[in-house]
Amino acid sequence: MKSYHNYNGGYEMAKIGIIGGTGVYDPKMLSNIREENVQTEFGAINVKVGEYHGVPVAFLPRHGEGHALPPHKVNFRGNIMALKKLGVERIIATGAVGSLNLEMRPGEFILVDQFIDFTKTRIQTFFEEGDKGVVHIDMTEPYCSALRKIVVNAAKNLEMPIKTKGTYVCTEGPRFETPAEIKMYSFLGGDLVGMTSVPEVVLAREAEMCYVTIAMVTNFAAGISPTPLTHAEVLDAIRKNNENLKKLIIRTIEEMPQQRDCACQNALKELGSLGPGI
Ligand code: HPA
């Protein structure tokens, strides 16, 4: 056991977590990788814990390795709980999205700042029974503004274009949307559409973790795109941009200050500081 690791419950600890979305399964940017099988009340979760220049980082492919899980089957609570148990305080998530906004084009990165939730079957809280009580978590700034600033600065230092705001419409999936739905989402103020940011972002806040989503536009959404959408098209767009995404994540890790000074770490304070069962 190296000295910079805290050791708790037998798990290799990491303060930074990466949740890789569609097409981002590769933790190769880390060295000394170990597989942790983290037991949570929502099931056992496999997480790779490695190091980036001596900084321990946890890597979790959201859909499982090889995209085995469709969005509505992702174990969001297990994933967030597993990262919490590993000591993760800040999560950098990636997600493929379609665009409703002609100024957000395929190939671009968008650091979303708001979401609109159209999911249907997903449990969005750790607090649903017994002595844990009920929690109505504040979502005024769902994505951590401090962590968003660190990512924006990292992109700036890399001279990599990134849009710093955008509203993510989260759908249930796994099907793509109809053009009528896309029109409605656009009227409602959505810029991007994807299937996974909710409830991940909500659960991360309940777990008092900082969370950002780097959205990668893979296509114009249905009815805006001149051709029917395919998963292959999404994967192809991701492949083309994956190196840049990795660079951005690495630079963000390099520029991450040790301590957090945002409100995420106290998100449950006025609600009695009930930790999510751990
Ligand atoms: N819709 C929903 N999810 C997506 C899309 C889309 O067009 N592209 C990538 N993920």
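The values are calculated or read from the model by the stated rules, or taken from the named source; none is laboratory data. None of these values were measured; they are calculated from a predicted model. Here Cβ is always computed from backbone atoms with ideal geometry, including for glycine, and neighbour counts include all displayed protein chains. Note: areas computed on protein heavy atoms with side chains; ligands, DNA, RNA excluded. Shrake-Rupley method; radii C 1.70, N 1.55, O 1.52, S 1.80 Å.
Would you point out which residue out of 149, 156, 165 is assigned to a loop (DSSP other than H, G, I, E, B), more than 16 Å from the ligand (Cβ to nearest atom) and not acidic (Asp, Glu)? Give the derivation first.
Working: 149 fails: assigned to a loop (DSSP other than H, G, I, E, B); 156 fails: assigned to a loop (DSSP other than H, G, I, E, B).
Testing whether each residue is assigned to a loop (DSSP other than H, G, I, E, B), more than 16 Å from the ligand (Cβ to nearest atom) and not acidic (Asp, Glu) leaves just 165.
Each row is one residue, and each column tells you yes or no for (1) at pLDDT below 90; (2) within 16 Å of the chain's Cα centre (by Cα).
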residue: 169; (1), (2): no, yes
residue: 177; (1), (2): no, no
residue: 204; (1), (2): no, yes
residue: 230; (1), (2): yes, no
residue: 252; (1), (2): no, yes
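Please go through the range 121-130 and give me each residue that is in contact with a His (Cβ under 8 Å, 6 or more places away or on another chain) and open to solvent by 70 Å² or more (accessible area, probe 1.4 Å), ordered by number. Break it down stepwise before answering.
Step one: of the range 121-130, the residues in contact with a His (Cβ under 8 Å, 6 or more places away or on another chain) are 121-122.
Once the filter is applied, which keeps residues that are in contact with a His (Cβ under 8 Å, 6 or more places away or on another chain) and open to solvent by 70 Å² or more (accessible area, probe 1.4 Å), the range 121-130 yields only 121.
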>> I need the full set of residues from the range 84-109 which are within 12 Å of the ligand (Cβ to nearest atom) and crowded, with 24+ Cβ neighbours inside 10 Å, in order please.
In response: 94, 95, 97, 98, 99, 100
> Can you tell me which residues in the range 86-132 are of a type outside the set (A, V, I, L, M, F, W, C), under 17 Å from residue 210 (Cβ atoms) and over 14 Å from the mean Cα position of the chain (by Cα)?
Replying inline: 87
>> Need the failing condition index for residue 208 against (1) more than 30 Å from residue 42 (Cα to Cα); (2) in a loop (DSSP other than H, G, I, E, B); (3) not aromatic (Phe, Trp, Tyr), just the number.
In response: (1)
> Only one of (1) more than 21 Å from residue 208 (Cα to Cα); (2) modelled with pLDDT of 90 or more; (3) assigned to a strand (DSSP E or B) is not met by residue 32, so which one is it?
Replying inline: (2)
> Which condition number does residue 6 fail, the rest of (1) of a type in the set (S, T, N, Q); (2) open to solvent by 70 Å² or more (accessible area, probe 1.4 Å); (3) modelled with pLDDT of 90 or more being met?
Replying inline: (3)
>> As an exercise: evaluate residue 251 against (1) outside any loop (DSSP other than H, G, I, E, B); (2) in contact with a strand residue (DSSP E or B) (Cβ under 7 Å, 6 or more places away or on another chain) and give the number of the one condition it does not meet.
In response: (2)
>> Of the conditions (1) at pLDDT below 95; (2) within 10 Å of the ligand (Cβ to nearest atom), residue 239 satisfies every one except a single condition; which number is it?
In response: (2)
> For the range 53-70, how many residues are buried (at least 20 other Cβ atoms within 10 Å of the Cβ), within 20 Å of residue 170 (Cα to Cα) and in contact with a His (Cβ under 8 Å, 6 or more places away or on another chain)?
Replying inline: 0
>> Looking at (1) in contact (Cβ under 8 Å) with a residue 60 or more places away in the chain; (2) under 18 Å from the mean Cα position of the chain (by Cα); (3) open to solvent by 10 Å² or more (accessible area, probe 1.4 Å), which one does residue 81 not meet, given that it meets all the others?
In response: (3)
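Give the residue that is farthest from the ligand (Cβ to nearest atom), with candidates limited to residues of the range 202-233 that are of a type in the set (Gly, Ala, Ser), open to solvent by 10 Å² or more (accessible area, probe 1.4 Å) and over 25 Å from residue 246 (Cα atoms).
First, the residues of the range 202-233 that are of a type in the set (Gly, Ala, Ser): 204, 207, 215, 221-223, 225, 232.
Filter again for open to solvent by 10 Å² or more (accessible area, probe 1.4 Å), leaving 222-223, 225, 232.
From the residues that got through so far, the ones that are over 25 Å from residue 246 (Cα atoms) too are 222-223, 225.
On the way: 222: 6, 223: 10, 225: 8 Å.
Ranking the qualifying residues of the range 202-233, first place goes to 223.
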> Among the candidates 186, 197, 225, which residue alone is at pLDDT 95 or above and more than 19 Å from residue 60 (Cα to Cα)?
Replying inline: 186
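Could you check the range 110-120 and list, in sequence order, the residues that are over 25 Å from residue 57 (Cα atoms) and either open to solvent by 40 Å² or more (accessible area, probe 1.4 Å) or not in a loop (DSSP other than H, G, I, E, B) (or both)? I'd like the intermediate steps shown before the answer.
Step one: of the range 110-120, the residues over 25 Å from residue 57 (Cα atoms) are 114-120.
Hits for the range 110-120 are 114, 115, 116, 117, 118, 120.
Restricting the range 175-200 to residues that are of a type in the set (Gly, Ala, Ser) and open to solvent by 20 Å² or more (accessible area, probe 1.4 Å), which is farthest from the ligand (Cβ to nearest atom)? Quick ask: steps written out before the conclusion?
Pass one, the range 175-200, residues of a type in the set (Gly, Ala, Ser): 180, 186, 189-190, 194, 197.
Subset that is open to solvent by 20 Å² or more (accessible area, probe 1.4 Å): 180, 186, 189.
Numbers: 180: 14, 186: 13, 189: 17 Å.
Checking each candidate, the answer is 189.
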